[in-house]
Amino acid sequence: MVDDSTQRLQRQAIDAAINCKWDEALTINKQLLAQQPENIECLNRIAKSYFELGDFDRAKKFYQDVIKIDPYNTIAQKNIKRVSNIKKNGEGGMLNSGSMIHPSMFIEEPGTTKSVTLVKSAEPQKLLTLSAGQIVMLLQKKNGVVVTDQRNNYLGALPDDIAHHMLRLLEGGNEYQALIKNVKSNSLVILIRETVRSKKFRNQASFLDESRPFSYSSDNITLATDGTDVRGEGDEPAADDLAMENTGF
């Protein structure tokens, strides 16, 4: 049974990761690891912290430690490949370190949000450097909308029908925020959220194909629209999954 002090440290570790305070998250998770040397969630969080701080060698080591305990741990398996790919392509430095990711950012709402699978997506080695929750940019082009990261690196494009719809809304004064919802080596899904509705479209929702609010679930995120955790007996809290992967892998 986990005592109160351990639970408090776990919550502090989760909060630090959600707020992208990776040095703090690393310190707290190391304290937890001293108490529970084979805590897989803690090992994954330490690996994630090192990854975000740009120390890919240590990140890979801790993911490998997870595999020694749990050979079928999908989080560690995916991220070992991810780290190896980054090292192979010579990429380094802090990743996504300036973005604060709150679980509410992933909640979809009818009329104001839409999940979109990009077309003409970037090469797998580029996609595997991305994280769910990472903010992306929507760039208006003459005949479409291109999606890039915050360094202006191309990630993909909106499908033509959605792009034409978005261009009309953007040109009419609406504003949107987009973030990565799900990423694989061969696909990228983003979540687009209306942030400003212009007077021209004051009575028109941006997106009409969602019928109700719902929570987004992936391998590592489970969010409930009523604010409760959605998990089975013995599972970690939903926010723990979010912090473990800064939401996605």
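In region 117-135, the residue that is nearest to ARG193 (Cα to Cα) out of those that are modelled with pLDDT under 90 and not in a loop (DSSP other than H, G, I, E, B) is ILE135. ARG11 meets each of the listed conditions (1) at pLDDT below 90; (2) under 18 Å from the mean Cα position of the chain (by Cα) apart from (2). Taking the conditions (1) out of contact with any Lys or Arg (no Cβ under 8 Å at 6 or more places or on another chain); (2) within 29 Å of VAL83 (Cβ to Cβ); (3) at pLDDT 80 or above in turn, GLU194 satisfies each one other than (2).
Which one of ARG45, ARG82 is at pLDDT below 85 and either crowded, with 20+ Cβ neighbours inside 10 Å or among the aromatic types (Phe, Trp, Tyr) (or both)?
Numbers: ARG45 fails: at pLDDT below 85.
The conditions single out ARG82.
The one condition from (1) surrounded by fewer than 16 Cβ atoms within 10 Å (Cβ to Cβ); (2) touching a Lys or Arg at 6+ places or on another chain (Cβ under 6 Å) that GLU171 does not meet is (2). I'd like to check something: does region 165-178 contain any residue that is closer than 26 Å to ILE75 by Cα and either within 19 Å of the chain's Cα centre (by Cα) or not aliphatic (A, V, I, L, M) (or both)? Yes, the conditions are met somewhere in region 165-178.
Can you work out which of the residues in region 34-91 that are among the acidic types (Asp, Glu) and under 18 Å from the mean Cα position of the chain (by Cα) is nearest to SER185 (Cα to Cα)? Looking at residues that are among the acidic types (Asp, Glu) and under 18 Å from the mean Cα position of the chain (by Cα), I get GLU52. From the list LEU188, LEU169, LEU179, LEU208, the lone residue that is in contact (Cβ under 8 Å) with a residue 24 or more places away in the chain and in contact with a Pro (Cβ under 9 Å, 6 or more places away or on another chain) is LEU208.
The values are calculated or read from the model by the stated rules, or taken from the named source; none is laboratory data. The model shown is predicted, which means the values in this text are computed figures rather than measured ones. Don't worry about glycine lacking a Cβ; one is built from the backbone with ideal geometry, like all the others, and counts go over all protein chains shown.
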